[in-house]
Amino acid sequence: MRTLSLIACFVLAPVAVAAGGDIRTYRVHVVAPAEGAAAVTVTATFDSVGERGVAVPVGFPGVTDLTIVDAPAGTVAVPGPVNGQTTVRVTFPAPSAEPTSVTFRFTVPTVFVDTKPAPGERATLPDGSRLLRHTFVNTEALAIGEYRAEFVFPAGSRAHAVRESAPRLRKGEVGPRVRLADLQDGPGARLQVTRLRQGDSASMTVELIPQSRTWAFFAAGALLSVLYLIYFKDLVGKTAA
């Protein structure tokens, strides 16, 4: 038995060095302007890295202007489609048994869903509302220990409702899955999931409304309050009479 174990170690060791380890943490930071391309920064930390390089799944279509921000000297990152999804192929200069991180940045056309109604159809959202949607699928064999995606809202926008939050919280997890938070660049939303294996996905949809609408709602509420008081006063007067 001991002999078989030693043989297995010698056979599997080169495979492990070539393939590398799982993704320990996966961080995404997105700055979404009201118009134009969104800036996305990804930081992935691997348990170890091998000779073959790794395909990092990316939950965004239309990736352009990819640049490496931080990584071991000689690291190469190339985007491309794999299995119908966008991936970034990262090749490190040398294998390492130690945790290794890479940070790269790219742009995408938009992170908002087109909600304009077709001719003859009614609008499903109030005027000025927008849907920020993100879907990430782990298409690769590498497991992801923790996935966290942060989206900074455009200036002049605020969250009105979280319309989608997936997957459901597992037993023992503390929610919510999607949190509204004050991020480093401004108010935004954070999606966080642990243990994403191949085929697992995470997603969120947040409805945004103009910040100025807050004052409109306040004015409408104040007007309703005044009308209610006038009506209540008249009702009391009639009752007393």
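Rule-based calculations on the coordinates, nothing more; no lab input. From a predicted model like this one, the values you see are computed outputs, not experimental measurements. All Cβ positions, even for glycine, are placed from backbone atoms using ideal geometry, and neighbour counts span all protein chains on display.
For the reader, a short list of remarks on this structure follows.
- Potential lengthening between Ala73 and Ala155 on full extension [0.36 nm per residue; Cα-Cα distance subtracted]: 25.9 nm
- You can think of it this way: the chain between Asp200 and Asp127 has 22.8 nm of extra reach, that is 0.36 nm per residue less the Cα-Cα gap.
- Sum of side-chain charges, Pro109 neighbourhood, beta-carbon under 12 Å (Lys, Arg +1; Asp, Glu -1): -3
- For the pair Arg52 and Arg27, the difference between a 0.36 nm per residue extended length and the Cα-Cα distance amounts to 6.7 nm.
- Alpha carbon convex hull of region 2-210, projected area averaged over orientations, nm²: 14.6
- Counting every alpha-carbon pair across region 119-171, the share separated by more than 15 Å comes to 67%.
- Sorted by Cβ neighbour density within 10 Å, fewest at the top, the residues Glu98, Glu140, Glu51: Glu98, Glu51, Glu140
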